[in-house]
Amino acid sequence: GSGDGTADLARRSGARLVHCRRGRGVQPAAGASRAKGDVLLFLHADSVVPAGALASINETLAARPAVMGGNFRLLFDGDDKFNRWVCGFYRWIRQRGFYYGDSGIFVRRRAYRALGGFRPIALMEDYDFTRQLEEFGETCCIEDPPLVTSSRRFRGRRPAAIVAGWLILHGLHHMGVPAPWLARLYNSERRAGGAAGGL
């Protein structure tokens, strides 16, 4: 649905473009349905795959057959105190089995199929999927090279409000609040630069 020429740029760059309806859970599932490989990588548009990243996935999975998938160590490209704290926080939560789509989720196709793929939910689709993946089997985090993602979402916003937004969304999700309601909260707060944006 982008009107900024992204689709044309992707085509000219040689990417295979998949059209589907809007939706955070719908889109990765649509991409996976067209992919051909034995390993799937789900990557956010504002994240950059470093040189050697794909080889690292292949080498890791070849050397560790029990590993079903995982992600990359995540670095944000901002250079202020909050961005440095977020990088450390993401590393800390990953040690406890929590990670998100902005860190580049990869998974063996057979594991993805066994889990039923990404559910077509409006928000928290990556969190939902990685919780299932963690329960399904062993995962890993590739430390080197790290994935770099944009810190644009944090600019001009108070760190305390950002963290509060994360906690609120996770709390409501675990209380069973429907994903469409969470998505409306997320989108309205993000547009306003408030608490929930920047997840």
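The values are calculated or read from the model by the stated rules, or taken from the named source; none is laboratory data. These numbers come from a predicted model, not from an experiment. Virtual Cβ from ideal backbone geometry, glycine too; neighbours counted across all protein chains shown. The protein model used for the area step is the full one, side chains on, heavy atoms only, and it has no ligands, DNA or RNA in it. Shrake-Rupley method; radii C 1.70, N 1.55, O 1.52, S 1.80 Å.
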Study note, to complete from the structure: When every residue in the stretch 175-199 that is more than 23 Å from Gly78 (Cβ to Cβ) and either touching an Asp or Glu at 6+ places or on another chain (Cβ under 6 Å) or in a helix (DSSP H, G or I) (or both) is compared, the one modelled with the lowest pLDDT is Ser188
Point to revise | All positions within the stretch 96-111 that are part of a helix (DSSP H, G or I), more than 16 Å from Val49 (Cβ to Cβ) and charged (D, E, K, R) | key: Arg109, Arg110
Study note, to complete from the structure: Only unsatisfied item for Leu172, checking (1) without any contact (Cβ under 8 Å) to a residue 24 or more places away in the chain; (2) in a helix (DSSP H, G or I); (3) more than 22 Å from Gly25 (Cα to Cα), is (3)
Revision key, fill the gap. Taking the stretch 94-120 and keeping residues among the hydrophobic types (A, V, I, L, M, F, W, C), open to solvent by less than 40 Å² (accessible area, probe 1.4 Å) and within 14 Å of the chain's Cα centre (by Cα) leaves Ile105, Phe106, Val107, Phe118
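This table checks each residue for (1) in contact with a strand residue (DSSP E or B) (Cβ under 9 Å, 6 or more places away or on another chain); (2) among the hydrophobic types (A, V, I, L, M, F, W, C).
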position	(1), (2)
Arg12	no, no
His19	no, no
Arg24	no, no
Pro28	yes, no
Val39	yes, yes
Leu43	yes, yes
Ser47	yes, no
Check your understanding: Would a scan of the stretch 118-132 turn up a residue that is among the aromatic types (Phe, Trp, Tyr), at pLDDT below 90 and in a helix (DSSP H, G or I)?
Key -> no
Practice item. Kindly provide the set of residues from the stretch 133-168 that are open to solvent by 10 Å² or more (accessible area, probe 1.4 Å), in a loop (DSSP other than H, G, I, E, B) and at pLDDT below 95, ordered by number. Key: Ser150, Arg155, Gly156, Arg157, Arg158
